[in-house]
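Some notes on the structure that comes next.
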Amino acid sequence: MRREKDYHLSDPTWCPGCGIYGLFAALKMAAGDLDLGPEETVIVTGIGCHGRLNNHFRSYGFHALHGRTLPLASGIKLANPRLSVLSISGDGDAYSIGVGHFIHALRKNIDITYLVVDNRIYALTQGQASPTTPLGHVSISAPFGTKELPLDGPRLALASGGTFIARGFSGQPQKLAALIKKGIQHKGFSFIEVLSPCVTHNKIISAQWFKEHISPLDEDPGYDPRDRKQAGEKLIKEDKIPVGLIYAEERATYGELVLPESDHPLVGNDLDLDVKKFEGILEEFQ
């Protein structure tokens, strides 16, 4: 049985107090509990402070272009369904340039786990307003305050047909690890938004601010994450930010519907070129 230390490849160098340290710890906890083989796990990261995470986590890793983590992660999973595939983005990476990929991955229900690190700012590029920055927030890109309503990832995920929607807080790594573990075990697209303070460029939405503004769903005895209507009402009407498992359902995955032989992944196909067959195809177009 593997332990957390077995996934620790090197020490990260994020700003002291950065919330991504909590995500890194939670990811190692979840991997250890599931005994994930590093050689059977792939982490695809995007552009942002989170993007260095796969440099420090012992597994296969791929650093993608800005907003393009999901197409790569989806291709990896469909080519080799035996792999555990995780995709990690920031709020800008996921909800701005990557939002189209996000919506379609949800509706297709591709069997990967998607973690979105939400610090409500573009941190790597020095603090511009992001799609989740609150209305009126002053930043270097909005000196008179943002004039756009913030995007809510879990609301968008529920409207797009998500089958596993959750939100965690990086300041509670044990609870976050439990959500990540459930997400990896879920058959289908698992979306987990991770509230993560940026200690350098967002002094207002701090770790303490998150602690004061989150509402744990597991403390509501009447809440049923299998109830889609209840999940929608909780996301819209709740004064505080709901954290925990928001919604979950079982539905056929995209891979189950389109891959002809699940026991024979595409990655194992013979890729040698049949010259005669290829020449025959060319002749058809002459």
Worksheet entry | Top-ranked residue in the range 123-145 [being under 23 Å from Tyr21 (Cβ atoms) and touching a residue at least 60 places away in the same chain (Cβ under 8 Å); ranked as surrounded by the most Cβ atoms within 10 Å (Cβ to Cβ)] | Ala123
Worksheet item: So how many residues does the range 83-100 have that are within 23 Å of Ala30 (Cβ to Cβ), surrounded by 23 or more Cβ atoms within 10 Å (Cβ to Cβ) and either hydroxyl-bearing (Ser, Thr, Tyr) or without any contact (Cβ under 8 Å) to a residue 12 or more places away in the chain (or both)?
Response: 2
Fill in: the range 91-135 - residue that is in a loop (DSSP other than H, G, I, E, B) and polar (S, T, N, Q) and, of those, nearest to Ile47 (Cα to Cα)
Thr125
Discussion item. Within the range 221-245, take every residue that is assigned to a loop (DSSP other than H, G, I, E, B) and either under 19 Å from Gln174 (Cα atoms) or of a type in the set (Lys, Arg) (or both) and give me the one that is modelled with the highest pLDDT.
Written reply: Arg226
Discussion item. I'd like to know if the range 210-218 contains one or more residues that are closer than 20 Å to Leu156 by Cα, touching a helix residue (DSSP H, G or I) at 6+ places or on another chain (Cβ under 6 Å), buried (at least 17 other Cβ atoms within 10 Å of the Cβ) and not polar (S, T, N, Q).
Written reply: no
Discussion item. Within the range 2-16, does at least one residue satisfy the condition of being under 25 Å from Ala178 (Cβ atoms), under 16 Å from the mean Cα position of the chain (by Cα) and touching a residue at least 24 places away in the same chain (Cβ under 8 Å)?
Written reply: no
Worksheet item: Within the range 1-79, which helices (runs of 4 or more DSSP H) (wholly inside it) include 2 or more residues that are of a type outside the set (Val, Ile, Thr) and modelled with pLDDT under 95?
Response: 53-56, 69-79
Worksheet, complete the sentence: So, first residue polar (S, T, N, Q) in the range 166-181, second residue in a loop (DSSP other than H, G, I, E, B) and buried (at least 20 other Cβ atoms within 10 Å of the Cβ), Cβ within less than 7 Å, six or more apart or across chains; the pairs are Ser170/Gly19; Ser170/Ser196
Worksheet entry | Among residues of the range 48-82, those that are surrounded by 24 or more Cβ atoms within 10 Å (Cβ to Cβ) and among the β-branched types (Val, Ile, Thr), counted | 1
Worksheet item: With respect to the numbered conditions (1) at pLDDT below 95; (2) surrounded by 13 or more Cβ atoms within 10 Å (Cβ to Cβ); (3) assigned to a loop (DSSP other than H, G, I, E, B); (4) out of contact with any helix residue (DSSP H, G or I) (no Cβ under 6 Å at 6 or more places or on another chain), which one is the sole condition not fulfilled by Ile204?
Response: (2)
Worksheet item: Which condition number does Leu257 fail, the rest of (1) over 30 Å from Asn80 (Cβ atoms); (2) at pLDDT below 95; (3) of a type outside the set (Phe, Trp, Tyr) being met?
Response: (1)
Response to the item:
Only unsatisfied item for Lys182, checking (1) over 25 Å from Met29 (Cβ atoms); (2) touching a Ser or Thr at 6+ places or on another chain (Cβ under 9 Å), is (1)
Fill in: Candidates Thr45, Thr41, Thr13 - the one that is surrounded by fewer than 15 Cβ atoms within 10 Å (Cβ to Cβ), out of contact with any Pro (no Cβ under 6 Å at 6 or more places or on another chain) and of a type in the set (Val, Ile, Thr)
Thr13
Practice prompt. May I ask you to list the residues in the range 23-37 that are surrounded by fewer than 17 Cβ atoms within 10 Å (Cβ to Cβ) and not aliphatic (A, V, I, L, M)?
Written response: Asp35, Gly37
Worksheet item: Within the range 187-205, can you find the residues that are of a type outside the set (A, V, I, L, M, F, W, C) and closer than 22 Å to Ala177 by Cβ?
Response: Lys187, Gly188, Ser190, Glu193, Ser196, Pro197
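The values are calculated or read from the model by the stated rules, or taken from the named source; none is laboratory data. All values reported here derive from a predicted model rather than from experimental measurement. Here the Cβ is made from the backbone with ideal geometry for all residues, glycine too, and neighbour counts use every protein chain on show.
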